[in-house]
Structures are given as C-alpha cells and as structure tokens.
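Please read the structure below before turning to the comments.
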C-alpha cells in the first residue's frame, strides 16, 4: 500500500495576502503630491513678497502725503507765514517757515517761491506766491506740492 504523506504548510512562515487597498502610496503619487505642494508654496511666497513690497511703497507715499499736507497747512497759516510782497524783486531771504517734522532724518524737505502778479507790472497787493514744496523719501522718490498764497 502506498501511502501518501501530505504536509501542511507552516503557518508561521507564510503571511496572509495583503488587500490591494492597504499597500500605501506609489512613488508616482508621492512625487505628484510633492510637485503640487511645491507649486502652491511658490505661489504663496510670491504673493507674500508682493504684499510686503506694496505695503512698503504705500507707507512711503502715505508719509510723503502727510508731510506735504503739513507743509501746505503751515504755509497757508498767516500766523506762521505772513504774506510778504516779493515786488519789485524777490527776496532770497524769504522762505516760508515750514515747521514740519519728517518721519526720519533720511527724509528731506525744501520749498521754493515764485512770485506772480498777473501782469507786467508788479503790484504787491495783487501778487501771488506759488510755493513748491518738495519732499524726497529715503528711496529717492520725489514728491511735490504747489501751494498758491495770496495777500
């Protein structure tokens, strides 16, 4: 009689089959997700850089407008800057007392006066002053404002 011997497989040596859903991510999926993350991060960093640059520019413009408005108010105030006729010849000694503080020492402010009398003859009671106030920001940007002062 021929006997056949059957061996049972050793349970400890074999592992059960893993379902296809539990295998994890493939290399392609990981690479695609890293590329998408990188593109998103680059776009966000670019937006933040643009925002910071724009904010700095707007801050400078706001400071310049504030200085120019203060200078214009100072020039227009008769108690600070009384009208002085510039006829018959402009006096280089007369410049308005601006009394304006700038945001920092890097800012500069200057004023220039042009006399205009509306005609050929210089009539002190009619002559207008055109005062140009110039503010230079630390970045080198120049801002100007013209103020017309009348007697």
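The values are calculated or read from the model by the stated rules, or taken from the named source; none is laboratory data. These numbers come from a predicted model, not from an experiment. Virtual Cβ from ideal backbone geometry, glycine too; neighbours counted across all protein chains shown.
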Test result for residue 151, over 30 Å from residue 56 (Cα atoms), out of contact with any strand residue (DSSP E or B) (no Cβ under 9 Å at 6 or more places or on another chain) and modelled with pLDDT under 70: no
Some residue of the stretch 41-56 being modelled with pLDDT under 80 and either within 21 Å of residue 145 (Cα to Cα) or in a helix (DSSP H, G or I) (or both): no
Residue in the stretch 32-77 that is nearest to the chain's Cα centre (by Cα), counting only those that are more than 25 Å from residue 135 (Cα to Cα) and surrounded by 11 or more Cβ atoms within 10 Å (Cβ to Cβ): 33
Total residues in the stretch 129-148, condition over 10 Å from residue 68 (Cα atoms), at pLDDT 85 or above and surrounded by 13 or more Cβ atoms within 10 Å (Cβ to Cβ): 3
